[in-house]
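First up is the structure itself, then whatever we jot down about it.
Nothing in this text is a laboratory measurement; each read-out follows from the coordinates by a stated rule. As the structure is a prediction and not an experimental result, all values here were calculated from the model. Please note: Cβ atoms are built from the backbone with ideal geometry, for glycine as well, and neighbour counts cover all protein chains shown.
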Amino acid sequence: MSFHPIDCLEVPLDKVQITDAFWLEYQRLVKEVVVPYQWLALNDQVAEAEPSHAIENFRIAAGQSDGEFYGMVFQDSDVAKWLEAVAYLLVKNPDATLEETADQVIERVAAVQQPDGYLNTYFTVKAPELRWSNLAECHELYCAGHLIEAGVAYAQATGKNRLLEVVCKLADHIAQVFGPENGQIQGYPGHPEIELALMRLYEATGERRYLDLTRYFVEQRGTQPHFYDLEYEKRGRTSHWNIHGPAWMVKDKAYSQAHLPVALQKTAIGHAVRFVYLYAGVAHLARLSQDQEKRDVCQRLWENMTQRQMYITGSIGSQSSGEAFSCDYDLPNDTAYTETCASIGLMMFANRMLQLEADSRYGDVMERALYNTVLAGMALDGKHFFYVNPLEVHPKSIQFNHIYDHVKPVRQRWFGCACCPPNIARLLASLGSYIYTRRDDGVDINLYIGSDVEIEVEGETLRLKQSGGYPWQDTVKIELEIAKPLKTTLALRLPDWCASPQLLVNGEPLELHGYVHRGYVRLTRYWQNGDVLQLTLPMPVTRVKGNPLLRHLAGKVAIQRGPLVYCLEQADNGSELHNLQLPADAPFKLIAGSGLFKGKTLLQTQGTRVNSTQALQQPLYSFNSPPAQMQPQTLTFVPYFSWANRGEGEMRVWVDEG
């Protein structure tokens, strides 16, 4: 069974120029601080950071240095993600020195490639006889996927095909090794990533075998007899990881979404990053192969994930055990794992769902993840990172209670397992590719980020200039530049948080009723040079409450303005944030931030605090005691993404409502 979606083409990154001051600062930070810092970290030149050894592993594997492999089995992927981030930076910011460094890394990567196309430093250096023998645990296809993504990005950015040739040779090797024929390995990766990478490679090269290989990996997953079990027996029941007992990755098949065939899966389950990487690839495959069944699977799992297992901050994966989803409506705040990489993967999944079909629910989640968890993952200095993104932190408890071992009250330097820092870098550097979707009937505007874009429509060049002060200001202006009148469709997403959007077309109000389809206002007409659209998205301070089945949120309220979720921090409100209450009718006022918060909008209101001045003299429990004494207190809320930039302290998103 097939379907025929509106054709979709990704807007090339070189056709999008971000002009928004908010995002230009982040992209400047990535170029001037993050990428150079990470280069030093990859070369073990950051004294206070855990060693990476990633570049040295490539030297050793290429025979250019002596030594032993060091690091995680997936250490190669950090180099690949760094190269991908560099590629995106070079698209709009030519830098001969940075490009030369990247070219040298690419030559080192190429020197590691084996004659048959195989490329992986761990197995080349440490265990060449064991390659492709432990797919459930050892990340060979995961590392290959990240390198393929880097190869595609670098070719598109620079026109240089050296790395693309390397990864095509690697992908061809994988296509020979894996498949349904006798003599081929009839398996699939424990950590999905190769699927979305192969789809990108297919679009870049037009080679059908890469799409077919993606389909094989997707459709083979979870079939019986189970590949993980067969592989485990074949290698003598040995395991690479024993963190949770021998062969736990093999036994817990839901951890890697291999418990059932993809077509039968109904809930978001297992390792959250693996889940969104897998289904980003499945969505891409569904679109390009016009596969209705895979489209339905993606929609079903998207619905479960976002409506029952996603935090208000656009984060997923609530439990630290397995960095995984839990069950429906189980979203604890203080023990939340919610890995930064998971929200980045969520954006990738959302973007591919938008390409599959124009529906604002995908753009809404993409925006929520971006402005909250993804941005929170990196400090404002560009050198410290959150792997984990809780919605409530009590530093005193973290010191002693091991249930919080994964929670950090401040961002960390480079980790030995450094998947998040380079992932943030490549996401922010490629942000332009998330703003617009090009369709055969026009252009969708998914994110309101100040930018200029050039799009070919009916052989003509359409230029859109988007401006405004989003996410702080509520008005977005879109100006058109075209050589002659052009009939096409412009579609603007109406965010789920906005109750009363208003649109002016050349200064005239447009009644939106009748133009809105699946959350986008779609305008088809002959557009003229100089036409202007002005979209107003009123941003009152909004109180958000959880579903009654979310037991952790009973009696609590969160604060949101526009796409931004806000939180309380000890730096503004004192300690014991659990003793603060927000009256149901308390009005808010907007405060212009200063210092660290310059250019940002803070929120203030009058709340109350439970008087605890004599608490140490009181018994642990009181019987039939009078109501707690309350005292007034000004409550200051800051954007969640900016928390923990002022040292260690308490934080919470959900506040008791008085």
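Place +1 on the Cβ of every Lys and Arg and -1 on the Cβ of every Asp and Glu in the chain, take the dipole about the Cα centre, and give the residue among T608, P501, N93 whose Cα lies farthest towards its positive end.
T608
In debye to the nearest 20, how big a dipole does the chain give about its Cα centre with +1 on each Lys and Arg Cβ and -1 on each Asp and Glu Cβ?
Charge dipole of the chain: 1060 debye, to the nearest 20.
Cut-off is 10 Å between beta-carbons; in what order do I60, I194 appear when sorted fewest neighbours first?
In order of increasing Cβ crowding within 10 Å: I60, I194.
Which shape class, rounded, prolate or oblate, goes with region 257-376 when its Cα gyration tensor gives a ≥ b ≥ c as root eigenvalues, a/c under 1.5 marks rounded, and past that a/b bigger than b/c marks prolate?
In terms of gyration-tensor shape, oblate.
Would you be so kind as to identify which of A379, L512, Q629 lies farthest towards the positive end of the dipole of the chain, taking Lys and Arg as +1 and Asp and Glu as -1 on Cβ and the Cα centre as origin?
My answer, from the dipole projection, is Q629.
List the residues, sorted by chain then number, that are 5 or more residues from G270 or on another chain and whose placed amide H is less than 5 Å from its amide H.
Those lying under 5 Å, H to H, from G270 are F325.
Hey, what do the phi angles of region 369-378 turn into as Karplus ³J(HN,Hα) couplings, whole Hz, using 6.51/-1.76/1.60 and θ = phi - 60°, x for Gly and Pro?
Result, rounded to whole Hz: 5, 4, 6, 10, 5, 4, 5, 5, x, 10.
Report the Cα centroid-to-centroid distance between region 19-38 and region 441-456 in angstrom, as an integer.
Rounded to whole Å, the Cα centres lie 22 Å apart.
Could you line up R208, R561 from fewest to most neighbouring Cβ atoms inside 10 Å?
Listed from fewest to most nearby Cβ atoms, that is R208, R561.
At 222 nm, what value in deg cm²/dmol follows for the chain if DSSP H runs of at least 4 each add -39500 (n - 2.57) and the sum is divided by all its residues, to the nearest 500?
Taking each H run of at least 4 residues, the total per residue is -10000 deg cm²/dmol.
Skipping prolines and chain starts, which residues have an amide H placed within reach, meaning under 5 Å, of the one on N333, given they are 5 or more residues away or on another chain?
Excluding prolines and chain starts, which carry no amide H, there are no hits.
Karplus couplings for region 148-155 from phi (6.51 cos²θ - 1.76 cosθ + 1.60, θ = phi - 60°), rounded to Hz, Gly and Pro as x?
Values, residue by residue: 4, 4, 5, x, 5, 5, 5, 5 Hz.
Would you mind checking K81/K126; K383/K598; K294/K477; K92/K294; K15/K487 for any pair whose Cα atoms are more than 29 angstrom apart?
Violating the 29 Å limit, Cα to Cα: K294/K477; K92/K294.
How do I403, I148, I55 rank when sorted from fewest to most other Cβ atoms within 10 Å of their own Cβ?
I403, I55, I148
Normalise the Cα radius of gyration of region 536-604 by 2.2 N^0.38 Å (N = residues in it) and let me know the number.
1.23
Kindly identify region 441-536 as rounded, prolate or oblate by the Cα gyration tensor criterion: order the square roots of the eigenvalues as a ≥ b ≥ c, call it rounded if a/c is under 1.5, otherwise compare a/b with b/c, prolate if a/b is larger, else oblate.
prolate
Give me Rg/Rg_expected for the chain, where Rg uses Cα atoms only and Rg_expected = 2.2 N^0.38 Å with N residues.
So the chain has a normalised radius of gyration of 0.97.
If I take every Cα pair under 8 Å that is 6 or more residues apart in the chain, average their sequence separation and divide by the length, what percent do I get for the relative contact order?
Worked out over the chain, it gives 13 percent.
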